[in-house]
Each structure stands twice: as structure tokens, then as C-alpha cells.
Amino acid sequence: MKSLNKKRKYELLAPAGSFSSLIAAIDAGADAVYFGLNEKGLNMRARAKNFSLSDLKKIYNICKLKNGRVVKKYLTLNTIIYDSELNKVEKIIKIAKKYIDAVICWDLSVIELCRKYKVKFHISTQASVANVGAAKFYKKLGAERIVLARELNLAQIKKIAKIIDVECFCHGAMCVSESGRCFTSQFLFGKSANRGECLQPCRREYIVRDEDGNELKLENNNVMSAKDLCTLPFIDKLKKAGIKAFKIEGRNREPEYVNITTRVYRKALDKKLNDREIKEALEELNKVYNKGFSSGFYIKTPTSNDFSKAQDSSSSQRKEFVGKIVHYFDKIEVAAVRIASGKVKLGDELLVLGDKTGVKRLVIERMEINKKEIKIAEKGQEIGIKIPNARKGDLVYRVVKKFL
């Protein structure tokens, strides 16, 4: 099968924390997806839905598209690995090798197992590769690619990119700790970030208090909560730095986040955006979960302005659960939606999510009950709406603008 991926100069990787996100990423134009298994402690996003070993064949088939485009599949085994887990990791690699394109890892035991079973491997950002010497070392071990430390600037990246193919994050959450090596969650809750279980206590508001009980009022109580990385305004500089693969963070985030961010960065990688297009793209990115946007370390060292002032999302939109598709009529592409919460009206924007459907956005132009057109539908009613390529069981949400 001929892959159309080769025509693209830059690879775009999207996060897949669930089947809905996987479909959303592919529909939006991802060249590759990266995902973890629901084996405790073996990937850095243990709180995502993740997948089972038995899902790998299904993922493989989904990524082999009808139009000849093949989406690459990268399995994350990127945490600290203990002795008791080595047999489990070996079993995973032996089974997964025929369904994936590479393993993302950094523990030397996992690297050795990949070498043993001739599985390609990429070095995770957890290895904190930040210099030419380290890049040469991993290349000698057989690494095909390195996901660089997130604390590098463009000049540093350019040097390493001459040694080996490099992958860098272009969008998503940033950790206040060096390459995500934080122990706060471990100390407070016994949930280690280095085992993918971080509860993100850094995202909370904090009050500084001395031993006498005196409190210090801070201008921004979110003193450890970094803004999200957003490279869209200067992505052409990343291209010139020699980066081959651009990665979107977000395996814990919703399918609509995956869909929108992938669509935006797909367009930005395929062409040079003008000022108007960049402004419109930033507005799209702001619709989904974010903590505000930062340029990370690429252009300059982050300052106090790169910390978020919001404890929750700064997105301009949110979704409200409406109901579920209880019947779907393929020939006429009409869904019967049972309203379970709130109400919907003509002109509302809907979000439809499903494991096989991915993400669909539409504006209600017509609704019917018993073939009679209606303008408003309320809880308990079953309505007919035209929704292309949806399925029975898909969940339906109403998109609501937030007033920030």
C-alpha cells in the first residue's frame, strides 16, 4: 500500500487517549498518533482511558485508511520501569511489534527489549536529551528519533537536529518541573508523575503562610501552573530549526481538543499562514481546553507572564451534555436524539462524540418530532436531526460560549 505521508515534509503527531480521540485525530489530518496501554504505571498518562493489548489490531486497522493514507502508530512505554514489570513489558513488545511503527521510551531496559525484538524506538522527552553528545549516544543505541527536552531554544534544537531526526512539542500542557520530573503529586498523594499518575497539584491556587500564621497575598495564586504551549504564531521558525515531527500534547484531553488542535496545526505545517489566518487559528485553539498560551522555551526563557491565572480552563467555549442518539437512519443521515438534559433550539451548535464517529460539529438548521418541524426541544423529548456519519449510541452536547 502506498502511503501519502511521504508527500508531507513534516510529521504531525496527535494524542489518542481513547478511540474517540483516535478517530478525531485521523479525521483532522494527523500523520501519526501516539497512545498508551491501560497497564498501570507503564505510560505517562495513566489517567487517560488508554487501550488494551487486544485493541492493537483494531487500532492498526483504523489507521490503515481507504484513501491509501497510512497513519503511523507509536506506543508509549515511557515511565520508570521496575524489575517486577520487565516480563510484562517484554510481553507487550512481543505482541505489539506487528501492529505499531515504533515505541516511545527512555528506560534502558525497554530500549534493550526493542533492540531484542527489532522494534523501532523513539527516545521520550523524559530522557531530557538536551545536547549533541546525548543525541549521538542514543543514535548509537539504535534510536530512530529523539523527542527533545522541552527546555531547549531553537538554536539548541538546530544543532541536535543535524545529528538525528528530532521531534518537539508544538502545542499543549507544560509542566513547571524540568521535563516533567516532578515529585509534588508523589509527596502529597502518593501518585507519582514519573509513573503517569500525576494529580496535578501544581494547577491549584496556593496561599503563602509563615509559621506565625501570617498570609502573603499574591498577585497570582496559581504560582506553579504554567500556561499551555502554543507555537502557532512562530511555527515557521520551528520548521527552519530542522524539526521533523511536531507533537500535540493531550492524551488526557477531550476528543474535540484533539480534533481542533490537529486541524489547526495540519494547516500550519502544510502552508505558510498569513496574519489573518493565524488570528483565526488562534481563535479556534482558544475554543477548547487551555490554560492560556505561552511560547515555552523556544524563543526566550519563560517569565512570570507564562504562568496561568486560571485554575480551570481559559477556553472560550464549553460543552453541555444534551442527550444520546438512540436511532440512526443511514440512508437519510438522520439521528433520533433523546434529550436527557436541558434543551436545544434552532441555531444551537452541537458536538457529537463517539468511539467510531470521533467528533462531529454542526449547527441545528432543522428539528422534527413525528415529522413536524419544531424550534425548541426539551428534556424527555426525542427529536430528529440531520447529522452526517453519526451512529447509534453517540453522545450529543451543546456548545456554549463562555463569558470570561
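FYI, it's all coordinate maths here, none of it is from the lab. Treat the numbers as computed from the prediction; the structure is a model and nothing was measured. Every residue, glycine among them, receives a Cβ derived from its backbone with ideal geometry; neighbour counts consider all protein chains shown.
In table form, for the structure just shown:
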item	result
Residue-count net charge about SER341 - beta-carbon cut-off 11 Å; Lys, Arg +1, Asp, Glu -1	+3
Of GLY142, LEU12, LEU269, farthest towards positive along the dipole that unit charges on Lys, Arg, Asp, Glu beta carbons give region 4-306	GLY142
Residues SER304, SER18, sorted so that the one with the fewest Cβ neighbours within 10 Å comes first	SER304, SER18
13 Å beta-carbon shell around GLU368, net charge (K/R +1, D/E -1)	+2
Nearest 10 degrees, 0 to 90: helix 86-96 Cα axis against the chain principal axis	60
Structure-derived P(r) over Cα pairs in 20 Å bins from 0, in percent - corresponding label in [x] 25, 55, 19, 1; [y] 28, 62, 10, 0; [z] 26, 56, 14, 3, 0	[x]
Charge dipole magnitude, Cβ of K and R +1, D and E -1 - region 317-401, Cα centre, debye nearest 20	120
Ranked ASP270, ASP228, criterion: other C-beta atoms within 10 Å, fewest first	ASP270, ASP228
Cα-centre dipole for region 256-350 with unit charges at Cβ (Lys and Arg positive, Asp and Glu negative), debye to 20	60
Inter-part distance where region 110-163 and region 14-87 are each reduced to a Cα centre, Å	20
Relative contact order (percent, whole number), region 1-128, Cα cutoff 8 Å, 6+ residue spacing	21
Relative contact order computed over region 317-401 (Cα-Cα under 8 Å; 6+ residues apart), in percent	45
Built amide H within the under 5 Å cut-off of SER314, gap 5+	ASN290, LYS291, GLY292
On Cα atoms only, tilt of 255-270 relative to the major axis of the chain in degrees	70
Residues ARG47 and ARG361, FRET efficiency given R0 of 35 Å [Cβ-Cβ distance, rounded to 0.05]	0.85
Cβ charges +1 (Lys, Arg) and -1 (Asp, Glu), total dipole of the chain, debye	1840
Sorted by Cβ neighbour density within 10 Å, fewest at the top, the residues LYS401, LYS291	LYS401, LYS291
R0 of 35 Å, Cβ-Cβ distance LYS402-ARG209: FRET efficiency to nearest 0.05	0.65
Mean separation of Cα contacts under 8 Å (6+ apart) over length of the chain, as relative contact order %	16
Region 317-401 shape via C-alpha gyration tensor axes, a/c threshold 1.5	rounded
